[in-house]
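Everything below concerns the one structure shown next.
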Number of protein chains: 2
Amino acid sequence: MLKEERQQTILNEVELHNRVLLTDIAEKLDVSIDTARRDVKELDAENRLRKVHGGAISLGFATYSPKRNNVYALDEKIEIAEKALKLIKENSVVLIDGGTTCLELARLLPSKIHLTCFTLSLPVAMELLNKPNVETIFIGGQLSKDAQIAVGSHTIHNLSQIRLDHSFIGTGYVDANFGLTEFDWDIVQTKKAIIKASKKLVLLCISEKLNSQHRFKTCDINEIDTMITELSPDHHLLSSFKSQEIRLL
Amino acid sequence: MLKEERQQTILNEVELHNRVLLTDIAEKLDVSIDTARRDVKELDAENRLRKVHGGAISLGFATYSPKRNNVYALDEKIEIAEKALKLIKENSVVLIDGGTTCLELARLLPSKIHLTCFTLSLPVAMELLNKPNVETIFIGGQLSKDAQIAVGSHTIHNLSQIRLDHSFIGTGYVDANFGLTEFDWDIVQTKKAIIKASKKLVLLCISEKLNSQHRFKTCDINEIDTMITELSPDHHLLSSFKSQEIRLL
DNA sequence: TTTTTTATTGCAAAAAACTGCAAATATTAA
DNA sequence: TTAATATTTGCAGTTTTTTGCAATAAAAAA
């Protein structure tokens, strides 16, 4: 393995998890700790990451959006986002919803991909600005303080004016029988508008949310085209979804 | 777990609850009290929190926020924002433009103030979400990657539908004779729309930009109601503006 | 006051970083 | 091609950093 490849792998790891341990590098890339250390040292000198005792952390670690540091079940969400990424086609028109799982999808978009991307989430929009070839359109409206997304009639009206190839959405709760539900009425109305505007719907959802429900209903399961969890599609937790008209990934 | 991660976790905790106990850190991060104490001591030395007997407390508000570290002439901008703050009336409808000076204004808004606040800047919107009594409306549209604001026809149309008590705007360049100018055509068109939608216009501008100009014109000086710089109004650099119909602060 | 909790200090074990060196590999020149 | 040169890599020994523990001091609470 070439040095450049090794260093790129290290950078990817840091970008993905905000951190990396020297011991993990050494083991994963099958080199000595010393080589790993030297690689990290070089990358630090080039200002591509920050070397710390025992490993390295991403440059934005302290300055970046504080949310990323304490995302619950980050690894699972990254896994889901990686699966979702494969569904995105060059030059298509997509929407990325709010929530931490969808945010990971935005982060993972490769810088070479050409896309037109709508969103109503502030953090997702911030992330998309870093993608040189993604044209980003923010769907404006009244901002929800906790969800950090635009909601309300203005947002819904704007959504009614567009036609999306794919929408990647999250949900508060999901149940095979009751479908997708939320705690918040405004958010449900906004999601309904997204659903109406989309040709294909992809639900990103960590397995922990399976078989949970709340007050207000967004839609039925069969309105979703693809549901992505971090589990393999034949996992027993997904069995109740198998009978439905839905693709599991 | 890396030391930096531990310290970041501590900072998050402090930011979230304004305080943290050493015993809680030790338990949560699974380290000895001594290590927790040492971490807190380091963070205190770096002025990232304040160590007190038994734990740590936050340094107060508006101390550590993302991106703040590499703002040019931050002190001057804060001074300008403080002056601008006095112009904002309870329960009014205002717009805060993009740019680092306007961002400081958003940061400085007291949490008790009741406002309806429009913006087309992503960072400003992020900041406004932290203000419990500010209703924030993001004016959507195509996002400009470098200015991090919404621009384009959609944005301009949305702006034509609202009526603002005060707009706080920045500018790339300003000259007493040529007026406000910008490098970017789209940004100029958007600013024109803001101007049209506003009853009163306040320009936030560090003195360094005085007597500079660029390609595209936003408006004449006399269209601005109030211009705020970090200088006192009778500073000689402002003399060329005195003859104009403009209030200097 | 006494009692309890928290801080400080010094110390030792463990982990990680650094240094110099030699073997292995790659690059360049003849 | 071969030989000379430069770079990369792993290893061993040394130094530094980190961490937890225990003894003592200081502070807060009862």
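The values are calculated or read from the model by the stated rules, or taken from the named source; none is laboratory data. Worth saying up front: this structure is predicted, and the values here are computed from it rather than measured. Glycine also receives a Cβ, built like all others from the backbone with ideal geometry; neighbour counts cover every protein chain displayed. Areas reflect the complete protein model, heavy atoms only, side chains present, ligands, DNA and RNA absent. Shrake-Rupley method; radii C 1.70, N 1.55, O 1.52, S 1.80 Å.
Miscellaneous remarks
- Helix A:74-85 axis versus longest C-alpha principal axis of chain A: approximately 70°, rounded to the nearest ten.
- Other-copy label distances relative to A:Asp146, 7 angstrom Cα-Cβ extension, nm: 4.0
- Extreme residue, positive dipole direction of segment A:69-248, given options A:Ala73, A:His157, A:Ser121 (C-beta unit charges): A:His157
- When DSSP beta bridges are restricted to pairs lying wholly in the protein assembly as shown, around 45% turn out antiparallel.
- Counting every C-alpha pair in segment B:3-57, the share spaced more than 14 angstrom apart comes to 40%.
- Helix A:3-17 vs. chain A, principal-axis angle (Cα, 0 to 90°, nearest 10): 40
- Sulfur and carbon atoms: percent of accessible area, segment B:3-57 [1.4 Å]: 46
- Label point of A:Ser243 (7 Å along Cα→beta-carbon): distances to the other copies' equivalent points are 8.5 nm, sorted ascending.
- Taken residue by residue and averaged, Cβ atoms of other chains lying within 10 Å of the Cβ of B:118-131 number 3.
- Solvent exposure of the protein assembly as shown as accessible area per residue, Å², 1.4 Å probe: 47
- Taken about its Cα centre, the protein assembly as shown carries a charge dipole of about 820 debye when Lys and Arg each add +1 at the Cβ and Asp and Glu each add -1 at the Cβ.
- Starting from the label point of B:Glu208 at 7 Å along Cα→Cβ, the same points in the other copies fall at 4.5 nm, in ascending order.
- For chain B, adding -39500 (n - 2.57) for each run of n ≥ 4 DSSP H residues and dividing by the number of residues yields -10500 deg cm²/dmol at 222 nm.
- Dipole magnitude (debye, nearest 20) for segment A:1-156, charges at Cβ of Lys, Arg, Asp, Glu: 280
- Shape call, segment B:74-114: gyration tensor on alpha carbons, a/c limit 1.5: prolate
- The share of alpha-carbon pairs in the protein assembly as shown lying farther apart than 45 Å comes to 19%.
- To the nearest 10, the accessible area of B:Tyr72 is 130 Å² with a 1.4 Å probe.
- Area hidden from solvent between A and B (accessible, protein heavy atoms only, 1.4 Å, total, Å²): 2900
- Amide H contacts of B:Arg247 (H built 1.01 Å from N, in plane; Pro and chain starts excluded): B:Thr226, B:Met227 sit under 5 Å, all sequence-distant by 5 or more or on other chains.
- Counted over all Cα-Cα pairs of segment A:69-248, pairs farther apart than 21 Å make up 44 percent.
- Per-residue surface analysis assigns A:His235 an accessible area of about 60 Å², computed on protein heavy atoms at 1.4 Å probe radius.
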